[in-house]
């Protein structure tokens, strides 16, 4: 099978997808923005060809590069795993006659108001939402729905650019920020109270062949607002035979069907609270922040290779064993500036060393990243354990014990 992979070199984990495809026998042709000499022998050796373009989000440039490959070989698929690349990839597929996720499906998975309107029409429970292009429209939505509300970019990934507003004054301030950033239309929606998690899948012809359920502690917006929080997310190994996760799975399958997702990785956020289980948003791509690494460790299965096997051979290869729960805890510096040192690492290693998968501790003198930069922006630790509750308690303890000193 001949597969074009978009941007094989950056970010660094893109190489994992390329090597996974090569490991199952696919012939990979890369298109990216890096000079060929910067890719390295290992990555170049995994591909049958590589073409550089000025931007992988420039559809005209991408079409030209794809057609250059099509002049040489038959192209069976074109894969993109970064959120910002999914729409250009869909447009290129349609222009070049390559099967895969359509422009319509990609649009519905990128444009949040359109996504939620389509799902409401399909009977999927989701928050009230709209696209607004003026302060008047935003305040009219607030009058109809009430505060608190969530404002976010229409096509943002995850919590990027997302803000909560609790009053007219906060609405005005948030709209001013969006205006300064050049946003002419934003998504506004009802704030849904409850616990937040995500449901990820690999689908084949619209059928879920692999899936995972993961929990945030605390919810993302709270985690990205407060420095003192050591936020975590943890994937459960209690997915099978559990009534709550049966409901999550059913919600995910209904969303996949309603949006026309066929063969793809998916990443779906959800909330569960007083109003029950509610859909939040979905992307036709793998999750970020190393989630597939955790899924691989939790199941003793290479999830990247499973994705590649489904894409290339149209069937999964290994079952998910659900042996472990696995999670990550982010460790924030106590100040912005540069790292001065760490305390508590040896203590944690002594307590939980056999369960720790890996960790990242930027060296002394390294610049810190702001709180809102995400779970892997500064220091972090990942672990797994056969018992979900024990794994959670260990992550909590690590967050309390390890301190990142900066100034």
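The values are calculated or read from the model by the stated rules, or taken from the named source; none is laboratory data. Bear in mind that the values here come from a model prediction, so they are computed numbers and not experimental data. Cβ coordinates were reconstructed from backbone atoms using ideal geometry, including for glycine residues, and neighbour counts include every protein chain displayed.
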Task: Top-ranked residue in the stretch 288-305 [being in contact with a strand residue (DSSP E or B) (Cβ under 6 Å, 6 or more places away or on another chain) and surrounded by 23 or more Cβ atoms within 10 Å (Cβ to Cβ); ranked as farthest from residue 192 (Cα to Cα)] - done: 298
Open item on the list: For the stretch 272-287, give me each residue that is surrounded by fewer than 21 Cβ atoms within 10 Å (Cβ to Cβ) and either assigned by TED's automatic domain parsing to the domain that holds residue 78 or touching a strand residue (DSSP E or B) at 6+ places or on another chain (Cβ under 8 Å) (or both).
Closed with: 272, 273, 277, 278, 280
TODO: Being surrounded by 14 or more Cβ atoms within 10 Å (Cβ to Cβ) and under 16 Å from residue 184 (Cβ atoms) is the filter; apply it to the stretch 136-156 and report the residue that is farthest from the chain's Cα centre (by Cα).
DONE: 137
TODO: Give the residue, chosen from 309, 335, 313, that is in contact (Cβ under 8 Å) with a residue 12 or more places away in the chain, more than 30 Å from residue 99 (Cβ to Cβ) and either in contact with a strand residue (DSSP E or B) (Cβ under 7 Å, 6 or more places away or on another chain) or assigned by TED's automatic domain parsing to the domain that holds residue 390 (or both).
DONE: 335
Task: Hits in the stretch 283-309 - residues which are under 9 Å from the mean Cα position of the chain (by Cα) and closer than 22 Å to residue 105 by Cβ - done: 283, 285, 286, 287, 288, 291
Open item on the list: Checking the structure you have, find out if any residue of the stretch 139-154 is within 17 Å of residue 259 (Cβ to Cβ) and in contact (Cβ under 8 Å) with a residue 60 or more places away in the chain.
Closed with: no
TODO: Residue by residue through the stretch 79-104, note down the ones that are over 17 Å from the mean Cα position of the chain (by Cα) and part of a helix (DSSP H, G or I).
DONE: 88, 89, 90, 91, 92, 93, 94, 95, 96, 103, 104
